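The values are calculated or read from the model by the stated rules, or taken from the named source; none is laboratory data. A quick note: this is a predicted structure, and the numbers were derived from the prediction, not measured. Because the Cβ atoms are built from the backbone with ideal geometry, glycine has one as well, and the counts that use them run over all protein chains shown.
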Amino acid sequence: MPALILSLIALVLTLGYAVLLLWRGRSSLDLFALVGVLLACATLEIFDGLTLLHPEFLSGLKRGSLVAEGSLPLLWGLFSLTFYRQGGLSEASRVSRWILFLSPLFLFFATFLPFDAFYYSPDFAEERSLFLGRLGYYFYLGLLLYLIFALVQLEMTYRSLARIYRWRAKFEMVGVGSLLAIMVVYYSQGLLYRSIDMSLMPVRSLALAAAVMLMAYSRLRRGEAVKVRVSQEMALRSVVVLAVGLYLLGLGLAGEGMRYLGESSQKTLFVIVAFLGGLVLLVALLSETLRRKTRVFLHKNFFPHKYDYRAQWQNFTNCLSEARSDEEIQGAILKFFAETFFVRGATLFMRDGERPDYVCAACHEIDFSGYRIDEASPLVRYLLEESRIFNAEERRGEGGVAEVEILLALGGSFVVPLRFEERIEGFLILGSRIDPDETVTYEDYDLMKMLARQASSILLSLRLSSQLAAAREMAAIGKVSAFVMHDLKNSVSNLALVVENARNYMDDPAFQKDMLETLDNTVAKMKGLIARLRNLEEKAELKLEECDLAELVAESAEGLPKKSITLTGGPVLCAVDRVEMGKVVLNLVLNALDATAGEGPVHLDVGADGMAFIRCCDQGCGMAGEFLRERLFKPFETTKPKGFGIGLYQCRQIVEAHGGRIEVRSAPEQGSEFTVYLPLDLRSS
């Protein structure tokens with residue numbers, strides 16, 4: 001018979017895989033439970049196959065199948081609670097342990113209760129069906145519930161695995177899940193039609209063979225996955241799966257009950273029950289209060305801790321990282337607190353600058369805008385002195401904190417302080433609880449404090465960043481002022497030289513001509529400075545024109561003491577901004593004069609050597625090597641007692657804007673040499 005051949009193949013594969021597990025596997029409870037499941041399935045195949053071959057020995061052979069089925073609740077329960085789970089049964093919840101503890105009753109009933117209480121079949125040899133007695137019906141109903149329990153537990157385990165380990169365990173989970181699923185289908189048919197149809201045995205055998213091959217492939221080719229701890233979030237998702245499974249099971253039982261009604265009203269009543277049941281299930285799954293009660297129930301009965309702190313911290317961090325502005329960050333904090341603790345909104349109060357009170361900075365669902373709370377108020381003193389979360393509901397009617405009634409009237413329940421060192425920088429007011437019957441425990445307060453610490457660090461960082469931005473704006477204003485003052489200082493220096501020489505050469509027509517040119521140049525520079533200040537936000541553009549560098553250097557040095565300055569070199573053509581490059585030459589010459597106490601000598605040289613260059617040399621005080629390496633060309637760094645440290649920084653900016661560079665050689669008491677290199681105009685030879 002093909003059915004018996006398929007059953008024999010499944011039997012050989014199952015026993016072979018069980019032996020392989022015992023031979024190669026590590027000794028563990030989940031391994032022995034899996035081997036037990038495989039042996040029970042193999043025993044079921046043996047006795048069901050013999051029952052089909054020898055129907056005359058129905059009661060004796062089917063008793064062996066019944067005993068194998070009676071061991072399935074214990075074996076599947078034990079396997080699902082230990083498979084890939086850290087801690088094994090020690091981490092299982094109290095409810096799960098009780099479910100496992102009651103499972104041996106199935107084996108006891110299957111072994112010792114009369115066979116006729118389970119089945120009756122007057123013509124089994126022809127129909128291959130066993131009708132269920134009352135005890136048999138409830139036996140398989142309980143067995144089906146245990147199979148669903150095992151499916152839910154395995155689904156939680158698989159969801160808790162990391163992605164890389166899901167890849168390893170995928171085929172093993174598919175194999176185990178398919179075996180459980182076919183058993184659910186097989187026994188649900190028995191409940192629906194109140195009979196065990198032995199003609200479905202080939203389907204069960206095929207599923208067993210496929211499941212064993214998948215499990216063997218997973219273990220031998222991909223290895224075992226790491227053990228995990230099942231999070232509460234996974235448990236909540238599996239509660240939804242369990243609810244849907246029980247709903248479908250209820251429909252099956254209702255369908256069985258409808259068979260005893262009249263044919264005309266049977267379908268109508270079944271559709272009504274199915275619709276109303278589905279509607280109730282949908283409303284229940286969408287109820288926030290029910291979800292919260294489910295979480296509390298899971299905490300009390302399935303988990304040693306109410307919250308998965310690692311997951312909460314990660315979710316809070318991800319929530320904050322998605323915000324792009326101060327308002328979004330504040331809103332994200334309030335929304336996360338409201339969703340985590342199932343309260344109807346939240347409000348953020350922050351210190352109003354240096355003033356001694358707190359103002360409403362952001363609201364979510366509840367509105368405290370317009371309220372101010374003084375730092376000397378009893379509420380703030382309580383938060384500061386007690387270092388605890390204020391529960392307004394517990395203090396209803398008590399004296400000492402005048403804000404209690406206001407908080408309760410506006411929908412507040414908890415006040416969570418945002419501390420920094422020994423100071424209250426702000427606090428969160430959480431709205432009323434969605435489930436008022438829920439007991440608030442130390443774990444709620446601990447999580448509030450942990451999230452408050454992270455929130456306070458984020459909010460203080462925002463405040464510090466705002467203060468830093470303001471400080472940078474002031475620094476930028478100071479920087480602009482320093483540049484302006486530097487240009488003014490250079491212009492004043494030129495005018496001071498003119499005034500000093502005018503005392504001796506005022507009647508000299510040549511001096512008068514030079515003085516007017518110097519005044520014209522100074523006025524032009526001042527006008528340029530004013531124009532730049534008007535367009536401060538715009539990047540200055542160079543006005544390049546072809547000019548002779550030797551002529552440019554000579555013009556820039558006009559008005560300076562000629563006895564202290566010498567100029568050598570021939571004409572060199574370059575495309576430069578005359579005004580900006582004139583500033584560079586003037587600044588280098590004035591620095592050289594300052595280094596020599598205004599006495600000189602200062603030597604200027606213009607030439608070309610692959611690139612055009614302007615060289616300024618002096619024999620002044622010079623600079624140390626450390627200053628050259630670390631401080632030269634940096635703004636506000638200078639060796640002059642009354643200098644601003646702006647000139648050389650500005651010079652390098654201008655030269656680099658022309659595509660050139662500045663090189664420096666200097667030593668203490670040996671003078672300095674600054675060389676400005678500029679791209680050479682190829683038309684000059």
Exercise. Which members of the stretch 298-318 meet the condition of being surrounded by fewer than 16 Cβ atoms within 10 Å (Cβ to Cβ), closer than 29 Å to ALA361 by Cα and either basic (Lys, Arg) or modelled with pLDDT under 80 (or both)?
Worked result: TYR309, ARG310, ALA311, TRP313, GLN314, ASN315
For this session: Inspect all residues belonging to the stretch 36-49 and state whether any of them is over 46 Å from the mean Cα position of the chain (by Cα), over 30 Å from ASP123 (Cβ atoms) and part of a helix (DSSP H, G or I).
Result: yes
Exercise. What number goes with the only condition from (1) assigned to a helix (DSSP H, G or I); (2) free of Cβ contacts under 8 Å to residues at least 60 places away in the same chain; (3) in contact with an Asp or Glu (Cβ under 9 Å, 6 or more places away or on another chain); (4) not acidic (Asp, Glu) that PHE57 does not pass?
Worked result: (3)
Exercise. Is it true that LYS525 is among the basic types (Lys, Arg), modelled with pLDDT under 85 and in contact with a helix residue (DSSP H, G or I) (Cβ under 7 Å, 6 or more places away or on another chain)?
Worked result: yes
Exercise. Of LYS489, LYS479, which residue is modelled with pLDDT of 70 or more and in a helix (DSSP H, G or I)?
Worked result: LYS489
Problem set entry | Selection count where residues are within 26 Å of GLU443 (Cβ to Cβ) and in contact with a Leu (Cβ under 7 Å, 6 or more places away or on another chain), scope the stretch 348-370 | 3
Problem set entry | Residue satisfying condition, being touching a Lys or Arg at 6+ places or on another chain (Cβ under 8 Å), assigned by TED's automatic domain parsing to the domain that holds SER195, at negative phi and not charged (D, E, K, R), within set SER90, SER160, SER71 | SER160
Exercise. Name the helices (runs of 4 or more DSSP H) wholly within the stretch 111-214 that hold at least 1 residues that are within 16 Å of PHE83 (Cβ to Cβ) and in contact (Cβ under 8 Å) with a residue 60 or more places away in the chain?
Worked result: 134-160, 163-193
Exercise. Out of the stretch 549-574, which residues are assigned to a strand (DSSP E or B) and touching a Cys at 6+ places or on another chain (Cβ under 8 Å)?
Worked result: LEU573, CYS574
